[in-house]
1. Can you list the helices (runs of 4 or more DSSP H) found entirely within the stretch 1-96 that contain at least 1 residues being within 21 Å of A267 (Cα to Cα)?
2. Checking I93 against (1) within 18 Å of the chain's Cα centre (by Cα); (2) surrounded by fewer than 17 Cβ atoms within 10 Å (Cβ to Cβ); (3) of a type in the set (A, V, I, L, M), only one condition comes out false. Which one?
3. N104 is checked against (1) within 19 Å of A26 (Cβ to Cβ); (2) in contact with a His (Cβ under 6 Å, 6 or more places away or on another chain) and fails just one. What number does that condition carry?
Amino acid sequence: MSLHRAILTILYISALMFAGAVLVQAFGYYQLALEQRPHSSLHTTMKPGGSWGHGLGILGSAMMLLLFLYSARKRRFCGLRFGKTRHWLNIHIFFGIMGPVFVNLHTSFKIGGIVAVSYYSMMAVMLSGFIGRCLYVKIPRALSGDELTMREMQEKKRSLNQLLVEKYGLDVDFIAEIGTLPGLERGERLCGIAAIFALLKNDLTRVFQMRGVRRRLRCELSALPRQEAGKLLQIIKQQSLLVRKMTFLSTVQPLLHYWHVAHKPFAYVMIIIMFVHIAVVLMFGHQWVF
């Protein structure tokens, strides 16, 4: 496990355990109607302006602001160049998931007023983020996270084909069969709902297609040692995934563009109204522990 993956795993486990502990502790309070909550012993701590509720709001809001570090890294804003883009994306996703979780705990699951616009914008950002992640991983990228050019993709495909032929002796017909797994001719472009359904269909069928490839390998290369067979299968998966991404590239890129058009306004609305909410809270003299 890489250092980045280990740190990310620790962050997720720690944040989820903390959020789970808060939810278990205050579950009874969250179930109460608004008029009953002031009579609860947890009201002074778990209400949005309480010591715990207010702190959860600060934590969640800070995480929503830290989302923009990924955009700053992509644009090298203020000289921010360190770290791989794909690692920053993973951190971006972490904040995009856990930020709304802590904001929900801050609201004690009761939303009203103009801040509700910020809340629902935040939820739209989170949900659309999952869609964006699904589209992002379908575009071929280098280890740095930068998008590969068509020439780089062709070269990578050629080197994998050469490895399959020279080291493992696979015939050209079998390699060509791997190229048909996406189920769409390269250059054929789908749009809108048809594109989304084509991607979903391919995601669902690819597992079964790879099982067929595995069975054929066992029949044709039964003498191959188990360890080598595993390595061969991994190479074939890489080849299949690369061909799939190349095939759907002309379909995914427009979808990702439209996703950006929809995703960013929700993020801006969320942040603007969040700052308005914070300003109003400060104007009325509400403070946390300081």
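Bear in mind these aren't lab numbers, they're just calculated from the coordinates by the rules spelled out. These numbers come from a predicted model, not from an experiment. Please note: Cβ atoms are built from the backbone with ideal geometry, for glycine as well, and neighbour counts cover all protein chains shown.
1. Details: elements: 3-31, 43-46, 51-66, 68-74.
The qualifying helices (runs of 4 or more DSSP H) are 51-66, 68-74.
2. With (1) within 18 Å of the chain's Cα centre (by Cα); (2) surrounded by fewer than 17 Cβ atoms within 10 Å (Cβ to Cβ); (3) of a type in the set (A, V, I, L, M) applied to I93, the lone miss is (2).
3. All conditions are met except number (2).
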